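Where a number appears in this text, it was derived from the coordinates with a stated rule and is not lab data. Nothing here was measured: the structure is a model prediction, and the numbers come from that model. Every residue, glycine among them, receives a Cβ derived from its backbone with ideal geometry; neighbour counts consider all protein chains shown.
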Amino acid sequence: MMPGSFRKMLILALSIATCSAFIQEISLYTGTDCTGGAITFQTKEAQLTNWEFFLPSINSVKVHGWWVLYSGANFNTYLNSYSYRPTFVCINSTHPKTSRSLRHLGPSQTDTLSLSVYESGSWVGRELIITAPAATNFGFVATYGVASDYSSWTLYTNADFTGASVCVAGNGGLVSRTFTFRSATSGCNKDYKLRGTKTITDVSKFYYF
């Protein structure tokens, strides 16, 4: 039987771990300092057509997670981003006035162990969320990788898990890495180098998209 003090510490640690996960959310407010009328999103919105009557009046946002605004529909043409916030933060911002789509980076639930792959710079274009141990043939050449929670990933320039490689690790949140890559595997080689190479011989257990 566990001593009382140890049991209390364990319960506290489990409570903290549980509370650290959240669903990403952004609220757009008509007034500064997150006052006035508001609309709230927890989903990726490829079209903001239904809210065009409201967007020109936005003057502040409340952010939880990592959100990106685009001046074009379907996540095209980067407009602005609100980098990762593990707690709600209010920001005076008028960027939503001209936004036509928006999305959070990675999965909605922040404790999902995953790598999010983006087609173009500044998280523009198509997105693929990977939870498998490895992936290749994304359908596009990726330029950004975002690791979530405590997952870590090795990104490779070639589609067969070879070539120059780089590591990206979530560190309990969302971490983005700029790198042109065609395949990825879960986990990081502690000895990786940007110009180094690593060959994987057993790909039978890997996932191809």
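Before moving on, here are some points about what is shown:
- Taking only alpha carbon atoms, the range 24-145 gives an Rg to Rh ratio of 0.99, where Rh is the Kirkwood radius.
- One chain, two ends: N171 and T131. Fully extended at 0.36 nm per residue, the span grows by 12.8 nm beyond their Cα-Cα distance.
- Highest-first arrangement of 123-129, 100-106, where packing means the average Cβ count within 10 Å: 100-106, 123-129
- The range 57-126, Rg to Rh (Cα coordinates; Rh as Kirkwood inverse mean 1/r): 0.97
- Potential lengthening between I91 and E52 on full extension [0.36 nm per residue; Cα-Cα distance subtracted]: 12.0 nm
- Note on N76 and T43: their simple-model spin labels are 2.2 nm apart, each label 7 Å out from Cα toward Cβ.
- Here the Kirkwood formula, the inverse mean of 1/r across different C-alpha pairs, assigns the range 115-186 a hydrodynamic radius of 11.6 Å.
- Listed peptides 64-70, 168-174 appear in the order 64-70, 168-174 once ranked by packing, highest mean of other Cβ atoms within 10 Å at the front.
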